[in-house]
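**Student:** Pasting a structure below so you can have a look.
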Amino acid sequence: KNKSQTLDHFLMVKYPGLLAEFKDSGSCIIRGVFKSEVSQEITKTCRQTKDKPLNQDKNWIDLKLYLPHHPSLNSFQLYVLEDLEYKIYNSDNLKVKDDWVLDDLLANLAKLLPAQEVIPPAPDLGTIYEDILALHKPDEYSLKANASCSIIRFSDFTDFEQHYLELGVPSMQLMKHSLPSSVPLREMLEKSAHSVKEALNLFRKVLEDLRPFYDNFMNIDELCHVLQPSPVTTKHNFRVFPLKDRVYLKVTIADPFACFASMELKIIGPTEEVSRLRHVLSDGLGNWDPELDLHKNLLRIFDLCFFPMPDWTDGDKKEEDEENDQELRCNICFSYRLDDGSVPLVSCDNARCVLKCHAACLEEWFQTLMEGKTFLDVSFGQCPYCKAVSGFEYKYIEKR
């Protein structure tokens, strides 16, 4: 409580606009908008010399700062709003001195952040900006623009809170969006949308058309322990989750507009068990019930009441627990989740062997063996633990 009061007073006096929140673990989150002392000095110098700063938006900084070991800056994570999105900074990409404290970081932040090119305001072309203002409907979605009004962003849509559409103005160029790459949104906009309103209406129609796609995956995300991708986003069109011990199911929907017609199901695990379950899957697909969702149909096929349930542990603690659990780690690289989000899914074909590793690690191991080989997308080689010959279909486990 005393730490919280002291920090609140410090921020109120020196950095009004920033608020602090302490967690039970002792970590601290600081968020808000403030004007850095360095950026104020930069602005003052530029006025005196009649020079223009590279980016006057850096004078005001919208941030979220996570300090897991407050008051130390060790392992800090900084999120700064730049061009309508939060960019992540830490000690790896921000030159913070070892002896700095919070005040030093905030005071020098504008100088530390990379310079950004200022996009000049677009010329006045008719009533396009009046049209944009007319689209402001906060009950249905959020509408934001950058400082020069050259980029607009629609987000937080009703029933589709995680989705967004970002357009260049007045060119109507598609900048960013939240749909899977298999959705040809750029081509659709170029063909059918000739104004911001038409682009927005088309995007919202596409969201409605994709509702079954997202609803089916939402049920899996809530009722299964999804291991990949991590983290799950609206752009992903696949899920990998446990079917049983040492066996996993990968569900991919190639065409989000035709969920069941383009669905691909792959079983990952020891060869004999995979072979048996493939027969079960083949027989079950013949009894697919189009009235049921993807999750319920899969339960019927494998004659299960439920799949292994997700771990609802707090996100940060969950990641820490995963990395510290030696039973979950890859037996080759001794880590759990790789930078691309993949986790150990491959087991040895020998039922008595305890090997569990990343597909990429085992693929690399096989390549170092004289007898290792790949045939028809299946890699073969000796297990690094028990030396039994194992094979796995690497392409089915690769991240898409």
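The values are calculated or read from the model by the stated rules, or taken from the named source; none is laboratory data. Model, not experiment: these values are computed from the prediction. Backbone-built Cβ (ideal geometry, glycine too); neighbour counts: all protein chains shown. Note: areas computed on protein heavy atoms with side chains; ligands, DNA, RNA excluded. Shrake-Rupley method; radii C 1.70, N 1.55, O 1.52, S 1.80 Å.
**Student:** Please tell me the relative contact order of the stretch 198-295 in percent, rounded to the nearest whole number, where contacts are Cα pairs under 8 Å and at least six residues apart.
**Tutor:** Details: 97 pairs, mean separation 19.8, N = 98.
Relative contact order, the stretch 198-295: 20 percent.
**Student:** Rg/Rh for the stretch 164-289: what does it come to with C-alpha atoms and Rh from Kirkwood? Mind dumping the intermediate values first?
**Tutor:** Details: Rg = 18.1 Å, Rh = 16.6 Å.
Rg/Rh for the stretch 164-289 comes to 1.09.
**Student:** Further question: In terms of modelled amide H atoms, which long-range or inter-chain residues lie less than 5 Å from the amide H of residue 178?
**Tutor:** 164
**Student:** Could you give me the ³J(HN,Hα) list for the stretch 353-368, computed from phi with Karplus coefficients 6.51, -1.76, 1.60 and θ = phi - 60°, whole Hz, x at Gly and Pro?
**Tutor:** Working through the residues one at a time gives 7, 9, 4, 8, 8, 6, 4, 5, 5, 5, 4, 5, 5, 4, 5, 7 Hz.
**Student:** Tabulate in residue order the Karplus-calculated ³J(HN,Hα) for the stretch 229-245, using 6.51 cos²θ - 1.76 cosθ + 1.60 with θ = phi - 60°, rounded to whole Hz; enter x for Gly and Pro.
**Tutor:** Listing the rounded values in order: x, 8, x, 6, 10, 5, 7, 7, 10, 9, 9, 10, 8, x, 9, 6, 4 Hz.
**Student:** Can I ask one more? Report, to two decimal places, the Cα Rg of the stretch 152-237 normalised by 2.2 N^0.38 Å (N = number of residues).
**Tutor:** Values: Rg = 13.9 Å, N = 86, 2.2 N^0.38 = 12.0 Å.
So the Cα radius of gyration is 1.16 times the expected 2.2 N^0.38 Å.
**Student:** Regarding the stretch 220-263, what whole-number volume in Å³ per residue does the convex hull of its Cα atoms give? Show your work: numbers first, answer last.
**Tutor:** Details: hull volume 3.5 nm³, N = 44.
Enclosed volume per residue, from the Cα hull, is 79 Å³.
**Student:** Of 267, 288, 236, which is farthest towards the positive pole of the stretch 180-320's charge dipole, taken about the Cα centre with +1 and -1 on the beta-carbons of Lys, Arg and Asp, Glu respectively?
**Tutor:** 236
**Student:** Which GluC sites (Glu not before Pro) does the stretch 125-176 hold that lie in a coil by DSSP with at most 15 other beta carbons within 10 Å? Show your work: numbers first, answer last.
**Tutor:** Details: sites: 130, 140, 161, 166; in loops: 140.
Passing sites in the stretch 125-176 are 140.
**Student:** Each residue of the stretch 98-112 in order: what ³J(HN,Hα) in whole Hz does its phi give by Karplus 6.51 cos²θ - 1.76 cosθ + 1.60, θ = phi - 60°, with x for Gly and Pro?
**Tutor:** 4, 8, 6, 10, 4, 4, 5, 5, 5, 5, 9, 4, 4, 6, 6
**Student:** Considering only protein heavy atoms, with the full assembly of protein chains and a 1.4 angstrom probe, order 386, 224 by accessible area, largest first.
**Tutor:** Numbers: 386 50, 224 0 Å².
Correct descending sequence by accessible area is 386, 224.
**Student:** So for 226, 251, 389, what's the accessible-area order with a 1.4 Å probe, most first? Could you put the intermediate results ahead of the total?
**Tutor:** Details: 226 25, 251 0, 389 105 Å².
Accessible-area ranking of 226, 251, 389, largest first: 389, 226, 251.
**Student:** Further question: For the stretch 215-251 and the stretch 279-309, compute the distance between their C-alpha centroids and round to whole Å.
**Tutor:** 15
**Student:** Here is a further query. Would you mind checking which residues have amide H under 5 Å from residue 228's amide H? H placed 1.01 Å from N; only 5 or more apart, or other chain.
**Tutor:** The list, which skips near neighbours in sequence, is 240.
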